[in-house]
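Participant: Take this structure, written in C-alpha cells, and hold onto it; I'll ask about it next.
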Amino acid sequence: MSATVTNPSLFQERCQRAQAVMAEQGIDYLFIGPGADLQYLIGTPGMDNERMMLFVVPQQGDPAMIVPALEKLATSKYASFFELLDWTDAEGPQGRIKQLVGQAASGTVKAAVGNQLWSMFLLELQKVLPAAEWSKATEVLKKLRITKFPEEIKLLKEAAAIADRTFSDVVNLQFSGRTEREVMGDINNLLLKYGQEKMLFCIVGSGPNGAQPHHHTGDRVIQPGDAVVLDFGGAYKGYTSDMTRTVLVEGGNPDPDFEKVYNLVNQARAAGHKQARPGVSCESVDAAARQVITEGGYGQYFVHRTGHGIGMEVHEEPYIVGGNSLPLEPGMAFSIEPGIYLPGRFGVRIEDIAVVTKDGEENINLSTHEYIRVK
Ligand code: ZN
Ligand code: ZN
C-alpha cells in the first residue's frame with residue numbers, strides 16, 4: 001500500500017479541517033479504523049484485520065493512533081504529526097483506549113466512528129465510553145472528501161486514462177465463443193499492464209446477463225449478436241477508476257431493439273453531463289438523465305440511481321440520486337451511468353466519471369460513446 005501524497009503537512013491539514021468540522025457538529029472524538037478514511041487522513045489505509053488499529057482524533061489537540069506492536073514500524077513513517085500507542089498481543093488494546101479517552105469515560109461525549117470500523121472494535125470502544133452518543137464519521141469526513149484537491153483530481157484522471165487505454169485494447173479481444181470469465185481475466189490483465197495497482201471489480205454481462213446491473217461474471221459462453229456490458233475499475237495510487245461500455249458481438253441475431261435502447265442510454269448519459277455544473281443539485285443530474293429514458297418509454301427499466309461519487313473509494317459521496325438536493329461544487333467527482341435493463345433479453349449501460357469545474361464539468365473518460373462491434 002503506497003501513500004498517495006508524500007507531503008505530511010497535507011495530512012495534518014486534513015486532520016485540522018476534520019477537527020473544524022467536528023467543532024461545528026459538536027463531535028468530541030473521531031475513531032477511524034483501516035480503510036479509505038484513514039488513508040485520506042494519514043496517507044496509509046493501515047492493516048485491516050482482527051488486531052485493533054485505530055486513529056483517534058480529538059476535537060482539540062493532537063490526534064493519536066493505537067497500533068498493534070507488530071505494525072508500529074510500518075506505521076511510524078506516516079506518524080509525523082501524531083503519537084503512536086502500541087499494544088502487544090498479550091496486553092490487548094483496551095489499556096491504550098483508556099489511556100487516550102479515559103478522562104472522558106464517565107461523561108456524555110459525542111463520538112463518531114468510521115463506517116468500516118469492525119463492530120468488534122466499536123463494542124470495545126463502547127465498553128470504555130458507556131455513556132457516549134455515537135454517530136457516523138461520514139458526516140464529518142464527507143465534508144472534506146466530497147470535494148477533491150487538484151492533486152486528487154490528477155490521480156483520478158490518471159486512473160481514468162488507464163481504464164480508457166484498457167478499453168481500447170478490449171475492443172480487439174475475441175468475445176464470441178469465450179466465457180465471460182475469460183474476457184474478465186483479459187480485462188484485469190490489461191488494467192494491471194497499463195498501471196492499475198489493484199483490481200477492484202470487473203463485470204462482464206453478456207446477452208441476458210447484461211440485464212442484471214451487477215451481474216456476477218460467470219461461465220456463460222458469449223454468443224454472436226450478444227450485447228455485452230463491461231464495467232471495470234481498479235485502484236491507482238490510492239484513487240479509483242470506474243467505467244462502463246456496452247459492446248455488440250458481430251454476427252448472430254442482435255436484439256431488434258438494441259440500437260434504439262443504446263442510443264437512448266447514450267442520450268441520457270449526455271443529458272446528465274450537460275446538466276452537471278456548480279450550483280445545480282445532485283438530483284437534477286439524475287433527473288436530466290432519467291427524463292430521456294422515461295420519455296423514450298423505458299423509465300421502468302432504469303432501475304438504479306444515475307451515479308455515485310468516486311475518489312479513494314469507488315462508491316462515496318455525492319450520490320447522484322433522486323432526493324439528494326446537495327448542490328454540486330467544483331472539485332466534486334462522480335459517475336454518470338444510466339442504463340436500461342430488459343429482463344431475459346439484454347442490458348445497456350454507459351459510464352464515465354465527471355469532475356465539476358468552475359463553470360461546468362469535465363468528462364475524464366475519453367473512450368468513444370458510440371457502440372463498438374467486437375469479434
Ligand atoms: Zn461501474
Ligand atoms: Zn459506477
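The values are calculated or read from the model by the stated rules, or taken from the named source; none is laboratory data. Just so it is clear, the model here is predicted, and its values are computed rather than measured. No Cβ is skipped: glycine too gets one built from the backbone with ideal geometry, and neighbour counts run over all protein chains shown.
Participant: Are any of the residues in the stretch 300-312 at pLDDT below 95 and crowded, with 16+ Cβ neighbours inside 10 Å? If you could, list the steps in order and put the result at the bottom.
Facilitator: The initial filter retains those residues of the stretch 300-312 that are at pLDDT below 95, namely 312.
With the extra rule that they be crowded, with 16+ Cβ neighbours inside 10 Å, the set shrinks to 312.
Yes, the stretch 300-312 contains at least one residue that is at pLDDT below 95 and crowded, with 16+ Cβ neighbours inside 10 Å.
Participant: Restricting the first residue to the stretch 196-211 and requiring it to be within 16 Å of ligand 2 (Cβ to nearest atom), which pairs with a second residue that is assigned to a strand (DSSP E or B) and polar (S, T, N, Q) meet a Cβ separation below 7 Å and a spacing of at least six or different chains?
Facilitator: From residues that are within 16 Å of ligand 2 (Cβ to nearest atom), the pairs are Leu200/Thr240.
Participant: Right, another one. Of everything in the stretch 216-252, what is polar (S, T, N, Q) and at pLDDT 95 or above? Give them in sequence order. Break it down into steps so the answer makes sense when it comes.
Facilitator: Here is the first cut: in the stretch 216-252, the residues polar (S, T, N, Q) are 217, 223, 240-241, 244, 246.
Across the stretch 216-252, the qualifying residues are Gln223, Thr240, Ser241, Thr244, Thr246.
Participant: When residues of the stretch 272-299 are filtered for being of a type in the set (Val, Ile, Thr) and surrounded by 17 or more Cβ atoms within 10 Å (Cβ to Cβ), how many remain?
Facilitator: Residues of the stretch 272-299 of a type in the set (Val, Ile, Thr): 280, 285, 292-294.
Remaining after also requiring surrounded by 17 or more Cβ atoms within 10 Å (Cβ to Cβ): 285, 292-293.
Going through the stretch 272-299 one residue at a time, the tally reaches 3.
Participant: Given (1) in contact (Cβ under 8 Å) with a residue 60 or more places away in the chain; (2) within 16 Å of ligand 1 (Cβ to nearest atom); (3) within 18 Å of the chain's Cα centre (by Cα), identify the lone condition not met by His214.
Facilitator: (1)
Participant: Restricted to the stretch 229-238, and to residues that are touching a Lys or Arg at 6+ places or on another chain (Cβ under 9 Å) and more than 10 Å from ligand 1 (Cβ to nearest atom), which residue is nearest to Glu259 (Cα to Cα)?
Facilitator: The qualifying residue nearest to Glu259 (Cα to Cα) is Gly234.
Participant: If you don't mind, another one. Do we have any residue at all in the stretch 16-32 that's surrounded by 14 or more Cβ atoms within 10 Å (Cβ to Cβ), of a type in the set (Val, Ile, Thr), in a helix (DSSP H, G or I) and in contact with a Lys or Arg (Cβ under 8 Å, 6 or more places away or on another chain)?
Facilitator: yes
Participant: Next question, about the same structure. State the number of residues belonging to the stretch 151-171 that are free of Cβ contacts under 8 Å to residues at least 60 places away in the same chain and under 18 Å from Val228 (Cβ atoms).
Facilitator: 1
Participant: Identify the residue in the stretch 97-121 that is more than 26 Å from Pro318 (Cα to Cα) and touching a strand residue (DSSP E or B) at 6+ places or on another chain (Cβ under 8 Å) and, among all such residues, is surrounded by the most Cβ atoms within 10 Å (Cβ to Cβ).
Facilitator: First, pick out the residues of the stretch 97-121 that are more than 26 Å from Pro318 (Cα to Cα): 97-109, 120-121.
This time we only want the ones that are touching a strand residue (DSSP E or B) at 6+ places or on another chain (Cβ under 8 Å), so: 97, 99-101, 104, 108-109, 121.
Details: Ile97: 24, Gln99: 13, Leu100: 21, Val101: 22, Ala104: 17, Thr108: 10, Val109: 19, Phe121: 21.
In this case the residue turns out to be Ile97.
Participant: Of all residues in the stretch 315-352 being under 24 Å from Asn115 (Cα atoms) and of a type in the set (Val, Ile, Thr), which is nearest to ligand 1 (Cβ to nearest atom)?
Facilitator: It comes out as Ile320.
Participant: Hey, another quick one. Across the stretch 232-286, what is the total count of residues that are within 16 Å of ligand 2 (Cβ to nearest atom), small (Gly, Ala, Ser) and more than 14 Å from Ile336 (Cα to Cα)?
Facilitator: Summing the residues that are within 16 Å of ligand 2 (Cβ to nearest atom), small (Gly, Ala, Ser) and more than 14 Å from Ile336 (Cα to Cα) in the stretch 232-286 gives 3.
Participant: In the stretch 227-286, how many are of a type in the set (A, V, I, L, M, F, W, C) and closer than 25 Å to Met312 by Cα? Reasoning before the result, please.
Facilitator: So the first thing to find is which residues in the stretch 227-286 are of a type in the set (A, V, I, L, M, F, W, C), and the list is 227-230, 232, 235, 243, 247-249, 258, 261, 264-265, 268, 270-271, 276, 280, 282, 285.
If we keep only those that are closer than 25 Å to Met312 by Cα as well, we get 229-230, 232, 235, 243, 276, 280, 282, 285.
So the count comes out to 9.
Participant: Restricting to the stretch 354-374, and then to whatever is of a type in the set (D, E, K, R) and not in a loop (DSSP other than H, G, I, E, B), can you tell me which residue is surrounded by the fewest Cβ atoms within 10 Å (Cβ to Cβ)? If you could, list the steps in order and put the result at the bottom.
Facilitator: From the stretch 354-374, those of a type in the set (D, E, K, R) are 358-359, 361-362, 370, 373; that's our starting set.
Okay, now just the ones that are also not in a loop (DSSP other than H, G, I, E, B), so 361-362, 373.
Details: Glu361: 23, Glu362: 14, Arg373: 12.
Across the stretch 354-374, the extreme among qualifying residues is Arg373.
Participant: Assess whether Ala289 counts as being within 16 Å of ligand 2 (Cβ to nearest atom) and closer than 18 Å to Phe149 by Cα. Lay out the reasoning, then the answer.
Facilitator: Details: within 16 Å of ligand 2 (Cβ to nearest atom): yes; closer than 18 Å to Phe149 by Cα: no.
Against the criterion (within 16 Å of ligand 2 (Cβ to nearest atom) and closer than 18 Å to Phe149 by Cα), Ala289 does not qualify.
Participant: For the stretch 191-211, which positions are in a helix (DSSP H, G or I) and either among the small types (Gly, Ala, Ser) or more than 16 Å from ligand 1 (Cβ to nearest atom) (or both)? Show your work before the answer.
Facilitator: Quick first cut of the stretch 191-211, residues in a helix (DSSP H, G or I) only: 191-193, 207-211.
Once the filter is applied, which keeps residues that are in a helix (DSSP H, G or I) and either among the small types (Gly, Ala, Ser) or more than 16 Å from ligand 1 (Cβ to nearest atom) (or both), the stretch 191-211 yields Leu192, Lys193, Gly207, Pro208, Gly210, Ala211.
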